[in-house]
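Asker: Quick one: this structure, given as structure tokens, is what I'll be asking you about.
The values are calculated or read from the model by the stated rules, or taken from the named source; none is laboratory data. Only a predicted model underlies this, so the values are computations on that prediction, with no experimental measurement involved. So basically every Cβ, Gly included, is an ideal-geometry build from the backbone, and we count neighbours across all protein chains shown. Accessible surface is based on the protein model in full, side chains and every heavy atom, while ligands, DNA and RNA are left aside. Shrake-Rupley method; radii C 1.70, N 1.55, O 1.52, S 1.80 Å.
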Amino acid sequence: MEKSVIHVKVPGKLFIAGEYAVLEPNQFAIVIAVNRYMKGTIEEDSIHTISLPQIGFPDIQFNLQDGQVLFNQEDEKLVFVKNALSIFYQLLKENGTLPRPFRLTVTSELDDDSGKKFGLGSSAAIVVTVITALLNFYKLENIRPTKEWIYKLSAIAHYQTQGNGSCADIAASTYGGWLHYRMFRPEWLNQELKKGTSLSDLLKMDWPGLHIERLTPPIEMHLAVGWTKKAASTASMVKTVQRIRNDNPPVYKRFLKESTDAVTRILESFLQKNVEGVIDGIKKNRMALQKLGEHVSFAIETKELKKLIDIANKYGGGKSSGAGGGDCGIALVKNDGLLEALTDEWKKSGIFPLSLQISEQGADPTEF
């Protein structure tokens, strides 16, 4: 009998609005899945093997010992994969299921050919890819490859690895499309894990605060994405911004209010199919981030991002996407003609337009 091979395709993400604020209770963000993908192929094998050829690890073998995943080589680039495996094997153990050896190969379209990151959520996407592949490889009655389970297992693995972040990128890679997102309460999750709540129970619980809802944007609205050719480190920037909460509460509270007002404006404009309202909300969110940026030790809006946004504002509305400090910026415009003029001017100014569309499907397995 021929071995079945399962192929998994997981989209990258971009933030549209609500960055940084989304880390706080009751704060919303808008995030999208984009059509550059992390791809995984998993099949039965005689030994446990992970292959990540693009980052120089074509043949990582691993063993399970006392509940620990032990790789035959160690590197900080492997930590997200290792923790995703550890979480999954903990779930298997809870369900009394013995591990079956497999070979999982993962390739990525989320970075530049030179290896530079675009800022499309590669660390989140690889966790979602590993979890989606394993859930579909085992496909047991009590271990279901639903979007909810993929999100929750991936969020636990990613949050424990990074130590911060909203997991909005996990939601985008899992569910696809345009998403209205509110983060779960991390202190609740940490408390449940600390007191030994099983993963099986956590997967069945309602997570306090969590909200994931698909959005339908106005039909005539067009998205453009520009890359500054500079990578940024999200985790360290998040830590810096969160220090303002304690160091300068008035500034932080003002930022949260302005972010809420901007995201609310965008969401209401979606319902009204009002592109001008969405663009206005994008500009408001940009201003909130600019003011916040005056109080941190790094540039949320770098010189390149400012150039990208200034050009975008001639044609519609633009802002940084995600943590800022480099990576991508976005623009929203009302028609194709404006989109073409915008991307032409970006090119002339050294901004690299990324040919990205919305990926509607999210984490998608196919069996052959």
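Asker: What is the stretch 1-130 by shape, rounded, prolate or oblate, if you read a ≥ b ≥ c off the alpha carbon gyration tensor as root eigenvalues and call it rounded for a/c under 1.5, prolate for a/b larger than b/c, and oblate otherwise?
Answerer: It comes out prolate by the Cα gyration axes.
Asker: Given contacts defined as C-alpha pairs under 8 Å and at least six residues apart, what's the relative contact order of the stretch 242-353, whole-number percent?
Answerer: Reported relative contact order: 20 percent.
Asker: Taking amide H positions as placed 1.01 Å from N in the peptide plane, with prolines and chain starts having none, which residues 5 or more places from ASN35, or on another chain, fall under 5 Å of its amide H?
Answerer: For ASN35, whose amide H was placed from the backbone, the distant partners under 5 Å are GLN357, SER359.
Asker: Search the structure for amide H atoms under 5 Å from the amide H of ALA17, placed 1.01 Å from N in the peptide plane, and list their residues when 5 or more places away or on another chain.
Answerer: ILE30
Asker: GLU301's amide H: which non-local residues (gap 5+, or another chain) put their own amide H closer than 5 Å, with H modeled 1.01 Å from N in plane and none for Pro or chain starts?
Answerer: GLY325
Asker: Another question, if that's okay. I need to check one value: relative contact order of the stretch 1-157, counting alpha carbon pairs closer than 8 Å and at least 6 residues apart, in percent.
Answerer: Taking the mean separation of contacting Cα pairs over the length of the stretch 1-157, I get 27 percent.
Asker: Then there is this: For the pairs LYS152/LYS319; LYS283/LYS303; LYS39/LYS139, flag any whose C-alpha to C-alpha distance is greater than 23 Å.
Answerer: LYS152/LYS319
Asker: Can you work out the Karplus-derived ³J(HN,Hα) for every residue in the stretch 269-283? Use 6.51 cos²θ - 1.76 cosθ + 1.60 with θ = phi - 60°, whole Hz, and x for glycine or proline.
Answerer: 5, 4, 4, 8, 6, 10, 5, 4, x, 4, 4, 4, x, 4, 5
Asker: Out of VAL278, VAL296, VAL106, any idea which swings most in a Gaussian network model of the chain, alpha carbons joined below 10 Å?
Answerer: Evaluated over the chain, the most mobile residue of the options is VAL296.
Asker: For a quick check of understanding: with a 1.4 angstrom probe and all protein chains in place, what accessible area in square angstrom does LYS284 have, to the nearest ten?
Answerer: 90 Å²
Asker: Excluding SER198 itself, what net charge comes from residues whose Cβ is under 14 Å from its Cβ, given Lys and Arg +1 and Asp and Glu -1?
Answerer: Cβ neighbours under 14 Å give a net charge of +2.
Asker: Across the stretch 86-101, in residue order, what do the Karplus-derived ³J(HN,Hα) couplings come to in whole Hz, using 6.51 cos²θ - 1.76 cosθ + 1.60 with θ = phi - 60° and x for Gly and Pro?
Answerer: Running phi through 6.51 cos²θ - 1.76 cosθ + 1.60 with θ = phi - 60° gives 4, 4, 5, 5, 5, 5, 4, 4, 4, 9, x, 9, 7, x, 10, x Hz.
Asker: Which percent of the Cα-Cα distances in the chain go past 25 Å?
Answerer: Above the 25 Å cut-off, the chain has 53 percent of its Cα pairs.
Asker: Using only alpha carbon pairs under 8 Å that are at least six residues apart, calculate the relative contact order of the chain and give it in whole percent.
Answerer: Numbers: 766 pairs, mean separation 87.5, N = 368.
Computed value for the chain: 24 percent relative contact order.
Asker: Right, next: Which of these, ARG243, ARG286, ARG36, has the largest mean-square fluctuation under a Gaussian network model of the chain (Cα springs below 10 Å)?
Answerer: Comparing ARG243, ARG286, ARG36 in the GNM, the peak value goes to ARG243.
Asker: Could you pull out every one of the aspartates and glutamates with an alpha carbon less than 16 Å from that of LYS348, ignoring same-chain neighbours closer than 8 positions?
Answerer: Cα-Cα hits under 16 Å: GLU304, ASP310, GLU340.
Asker: Mind listing the phi-derived Karplus ³J(HN,Hα) values for the stretch 201-217, rounded to whole Hz, using 6.51, -1.76 and 1.60 with θ = phi - 60°, and x for any glycine or proline?
Answerer: Per-residue couplings from phi come out as 6, 4, 5, 8, 7, 6, 8, x, x, 5, 9, 10, 9, 6, 10, 10, x Hz.
Asker: Averaged per residue, what accessible area in Å² does the chain show with a 1.4 Å probe, protein chains only?
Answerer: With all protein chains present, the chain gives 44 Å² per residue.
Asker: As a test question: what accessible area, to the nearest 10 Å², does TYR175 have when a 1.4 Å probe is rolled over all protein chains in place?
Answerer: Rounded to the nearest 10, that gives 60 Å².
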